[in-house]
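*Asks:* Quick one: structure below, then a few questions.
The values are calculated or read from the model by the stated rules, or taken from the named source; none is laboratory data. Since this is a predicted model, take the numbers as computed values, not measurements. Don't worry about glycine lacking a Cβ; one is built from the backbone with ideal geometry, like all the others, and counts go over all protein chains shown. Remember, those area values only see protein heavy atoms, side chains included, never the ligands or the DNA or RNA. Shrake-Rupley method; radii C 1.70, N 1.55, O 1.52, S 1.80 Å.
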Amino acid sequence: MSAPTPVWYFDLISPFVHLQLELQEALFERLRPVCRPVLFGVILQHQGTLGPAEIAHKRTFTYRHVLWRAQQAGLTMNFPPEHPFRSLHLQRLCVGLETDWRTVRECSRFVWQDGRLPGTQEDWRDLAALRHWDLEQLEQHLQDPEVKRTLMANNQEALEHGVFGVPTFRIGSELFWGEDSSAMLQGYLDTPGLFEQEAFRRLEALPVGIVRRPAAE
């Protein structure tokens, strides 16, 4: 039986997508994953949860944390003019890249290294250049019904596999969420049967001790 094709779910709205692309080049080279642009907001809505940027003090901490991580790694990082931002068109732009994670990284750098969002014709022209398009080709791509359907299908696929955040690598049925799970993913790849060990298997059936009720109750 052949090994399952690695899949990487991402939304450029997440600065941790940028960190993973920049810090884990060897992992991307090793796996050559299928890149699946999704909408983080759709995933959050399905799960009934808030994103880090939607919780006041967590928002500030998350921004500080990601900037500190970048500085520690010697990366140039400039936040875009606003965040969260509407990433729909950025994600449509990435539809069709498939295993071209390096171009995804260039799009990520446009946002998280250059600190830009596509708002002006100049922005769109520079962003289109990453895919070697002109503005007319870019507009056709963004409005292509098939591109829209593909992005929706990616969202559905992610939800069917239990994806709950971005970035997430999926190897078969196993999910590795967040840039900070990259080392665990490497360990999983290097140690066949890692999660079959008794200590890991026990976690799958760990009883729930208490269920939190809504505040109104």
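*Asks:* Given L90, L97, which one is touching a residue at least 40 places away in the same chain (Cβ under 8 Å), open to solvent by less than 20 Å² (accessible area, probe 1.4 Å) and part of a loop (DSSP other than H, G, I, E, B)?
*Replies:* Numbers: L90 fails: part of a loop (DSSP other than H, G, I, E, B).
Exactly one residue qualifies, and that residue is L97.
*Asks:* Go through region 173-217 and count every residue that is among the β-branched types (V, I, T) and under 30 Å from V66 (Cβ atoms).
*Replies:* 1
*Asks:* Restricting region 139-153 to residues that are of a type in the set (D, E) and part of a helix (DSSP H, G or I), which is surrounded by the most Cβ atoms within 10 Å (Cβ to Cβ)?
*Replies:* Once the filter is applied, the top-ranked residue is E139.
*Asks:* Just to be sure before I move on: is W124 part of a loop (DSSP other than H, G, I, E, B) and closer than 24 Å to R92 by Cβ in the structure I sent?
*Replies:* It is false that W124 is part of a loop (DSSP other than H, G, I, E, B) and closer than 24 Å to R92 by Cβ.
*Asks:* In addition: Can you pull out the residues in region 154-207 that are in a helix (DSSP H, G or I) and of a type in the set (K, R)?
*Replies:* R201, R202 - these are the residues of region 154-207 that are in a helix (DSSP H, G or I) and of a type in the set (K, R).
*Asks:* Filter region 100-121 for residues that are in a helix (DSSP H, G or I) and of a type in the set (A, V, I, L, M) and give the result.
*Replies:* V104, V111
*Asks:* Please enumerate the residues belonging to region 2-15 that are farther than 16 Å from L185 by Cα and either modelled with pLDDT under 95 or open to solvent by 20 Å² or more (accessible area, probe 1.4 Å) (or both).
*Replies:* Those that are farther than 16 Å from L185 by Cα and either modelled with pLDDT under 95 or open to solvent by 20 Å² or more (accessible area, probe 1.4 Å) (or both): S2, I13.
Residue-by-condition table, conditions (1) basic (K, R); (2) in contact with a Leu (Cβ under 7 Å, 6 or more places away or on another chain); (3) within 30 Å of F195 (Cα to Cα):
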| site | (1), (2), (3) |
| --- | --- |
| W124 | no, yes, no |
| L130 | no, no, no |
| L138 | no, no, no |
| F176 | no, yes, yes |
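*Asks:* Next up: Of all residues being assigned to a helix (DSSP H, G or I) and under 20 Å from T150 (Cα atoms) in region 18-53, which is least open to solvent (accessible area, probe 1.4 Å)? Just the residue, please.
*Replies:* Ranking the candidates gives I43 first.
*Asks:* In region 63-87, how many residues are assigned to a helix (DSSP H, G or I) and under 22 Å from W8 (Cα atoms)?
*Replies:* If we filter region 63-87 for residues that are assigned to a helix (DSSP H, G or I), which is where we start, we get 63-72.
From what is left, the residues that are under 22 Å from W8 (Cα atoms) are 66, 69-70.
Selection size over region 63-87: 3.
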